[in-house]
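Taking it in order: structure first as C-alpha cells, then the write-up.
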Amino acid sequence: MTASYLLQSPADLSALNTMALACQAEQVITLSDEAQLEQILNAKHQHEPLFVLSGGSNVLLPPTLTATVLRPLLRGITVLDDRDDSIHIEVMAGENWHDLVLYTVNNGWYGLENLALIPGLTGAAPVQNIGAYGVQLDDCVTHVRACHLPTQTWHDFDKAACQFGYRDSIFKQQAGEWLITRVGFALHKDPTRVQAGYGDLQAQALQLANDAARQHINPVDVMQAIIAIRQSKLPDPKVLPNCGSFFKNPVIETAHFHSLQTQFPQIVGYKVDEQQTKVAAGWLIDHAGLKGGGIAPILSHEQQALVLTNHSAKNDPIQACQQDVAATQHFIQQQILAKYNIMLEREPVWIDRDGQINMSNTTLAS
Ligand SMILES: Cc1cc2nc3c(=O)[nH]c(=O)nc-3n(C[C@H](O)[C@H](O)[C@H](O)COP(=O)(O)OP(=O)(O)OC[C@H]3O[C@@H](n4cnc5c(N)ncnc54)[C@H](O)[C@@H]3O)c2cc1C
C-alpha cells in the first residue's frame, strides 16, 4: 500500500532555499514515492499550478508562492548491473547529491568525483546538467525517469533524449513541466582514470595525496582536492546564504573579445570556436571594482565576485527577498554592460508568484 504524502499548508520556505529569501508557500506536498505523485495529480485540477522544489540551491523564490510546491524526496540507490570494470546504478530523486558522490567513490565506483560538494538533490542535477572541474553530469548519465505534469504521463529518457548542453537540458528548456524521479548512472572502476586537467587540480590533488612514492593520483585524491578547493573558495550557504555562481560565463564574438583585450590585457577568456570566446564573468565583475559590492543586503562575495550573498541575518525583522536580489543583479548587469558592452545572464532560476519559471534575464520584481 502506498504511504500517504505529507502536506503542509501554509509553509515557510525561507530555510528551504540556500539564498535564505523570505518565502511563504500556500501549500507544500512532500513525496516519498512515485505512486503518491499519481494520487496528487489525479486529485488536482489540470490547470492548478505546481512547482517542484528540491534542495533550493538554484532558485530565487518569491515572497508569496501560490502554486502547490511538490518536494520529491524519494530515496534509494539500486544496482542495475555490476561488472568487473563498471557498474550501472539508478538513484532516486531525493538522494542528496554530495552524499551520492561520496557513496559511489567510497565504493570504488568512479565518474562523479569532480562534482563533489555541489549542493542539492539528485533529481535536480539533470535539470541544468550540473558541471564542475571539467566534468558535466551527462558524462555519466544513462537515463532519466520523469513525469510530465501537464499530461500526467511518465517518460523514460535515454541520454540523447535529455538534450543535455552546457547548463542545459530538455527539463530546463521545458521548465516547470517535468518532475524527475530517477536518474541512471554508468560508472567505472578504474582507479587510474581521472579527470584532473582543469586548472591546477592535478597539482592540488598530488599535494593532498601527500605520498612521495606515488606518481599518479586516483579519483579519491581528485575528490578530496575538489572538496578542499571548493571549501576554501566558495561561501558555505549555511554560514552565508548564496546560490553559487550567480551569472553565467558570457560567450561573445571573438572580435569583441580582441577589442576588449587591447583595453584590458589581463581579461580571461577561452576560445569556444573560431567565432566565439567564453569570458570569465567573475573577472569582469572583479575588475569593474564590484567584488564585495552591490546593493545591501545582497552583495557580491569578497573572495568570489561571481557569487551573490545574502547578508540579512536570519533573525532580522526584515528578511531579504527576491526583489533585493533583483536590485543587485540589475546594478551589476548595468555596470558590466557600460564597461565591457556585455550583458550578463543570470544562472539561478527566477520563480514567479504562481510558481512559473521566469526565463527573462532582467526581471526586477515578481
Ligand atoms: C554554494 C553553491 C555552489 C554551487 N556549485 C555549482 C556547480 O559547481 N555547478 C553547478 O552546475 N551548479 C552549482 N550550484 C547550483 C546548484 O547546486 C545546482 O543547480 C543543483 O543541481 C540544484 O539542486 P537543488 O536540489 O538545490 O535544486 P532546486 O534549487 O530545488 O531546483 C532547481 C531547479 O530545478 C527544478 N527541479 C528541482 N528538482 C527537480 C526534479 N526532481 N524534477 C524536475 N525539476 C526539478 C526546480 O523546479 C528548479 O527549477 C551551486 C549552488 C550553490 C549554492
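The values are calculated or read from the model by the stated rules, or taken from the named source; none is laboratory data. What you see is a predicted model; the values in this text were computed from it and never measured. Backbone-built Cβ (ideal geometry, glycine too); neighbour counts: all protein chains shown.
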Residue by residue through the range 83-117, note down the ones that are in contact with a strand residue (DSSP E or B) (Cβ under 8 Å, 6 or more places away or on another chain), without any contact (Cβ under 8 Å) to a residue 60 or more places away in the chain and not polar (S, T, N, Q). GLU95, TRP97, LEU100, TYR103, LEU115
Quick check, is LEU137 in contact (Cβ under 8 Å) with a residue 40 or more places away in the chain and touching a helix residue (DSSP H, G or I) at 6+ places or on another chain (Cβ under 9 Å)? no
Quick count over the range 22-69, residues being more than 16 Å from the ligand (Cβ to nearest atom), aliphatic (A, V, I, L, M) and touching a helix residue (DSSP H, G or I) at 6+ places or on another chain (Cβ under 8 Å), is 1
Only listed residue being touching a Gly at 6+ places or on another chain (Cβ under 9 Å) and farther than 24 Å from GLN36 by Cβ, chosen from LEU137, LEU149: LEU137
Being within 15 Å of the ligand (Cβ to nearest atom) and not in a strand (DSSP E or B) narrows it down to one residue among GLY108, GLY123; which is it? GLY123
Could you tell me whether ALA20 is part of a loop (DSSP other than H, G, I, E, B) and over 17 Å from VAL127 (Cα atoms)? yes
Expected output for the range 217-237 (first residue outside the structural domain of ASP99 (by TED's automatic domain parsing) and part of a helix (DSSP H, G or I), partner among the acidic types (Asp, Glu) and within 14 Å of the ligand (Cβ to nearest atom), Cβ below 6 Å, 6+ apart or cross-chain) is PRO219/GLU113; VAL222/GLU113; MET223/GLU113
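To keep it simple, each residue is scored yes or no on (1) under 30 Å from TRP350 (Cβ atoms); (2) surrounded by 14 or more Cβ atoms within 10 Å (Cβ to Cβ); (3) within 16 Å of the ligand (Cβ to nearest atom).
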residue	(1), (2), (3)
THR151	yes, no, yes
TRP178	yes, yes, yes
VAL183	yes, yes, yes
VAL194	no, yes, no
ASP200	no, no, no
ALA205	no, yes, no
Of LEU137, LEU121, LEU115, the only residue that is buried (at least 22 other Cβ atoms within 10 Å of the Cβ) and either in contact with a Pro (Cβ under 7 Å, 6 or more places away or on another chain) or of a type in the set (Phe, Trp, Tyr) (or both) is LEU137
I'd like the full set of residues that are in a strand (DSSP E or B) and closer than 19 Å to ASN106 by Cβ, limited to the range 69-91. ILE77, THR78, VAL79, ASP82, SER86, ILE87, HIS88, ILE89, GLU90, VAL91
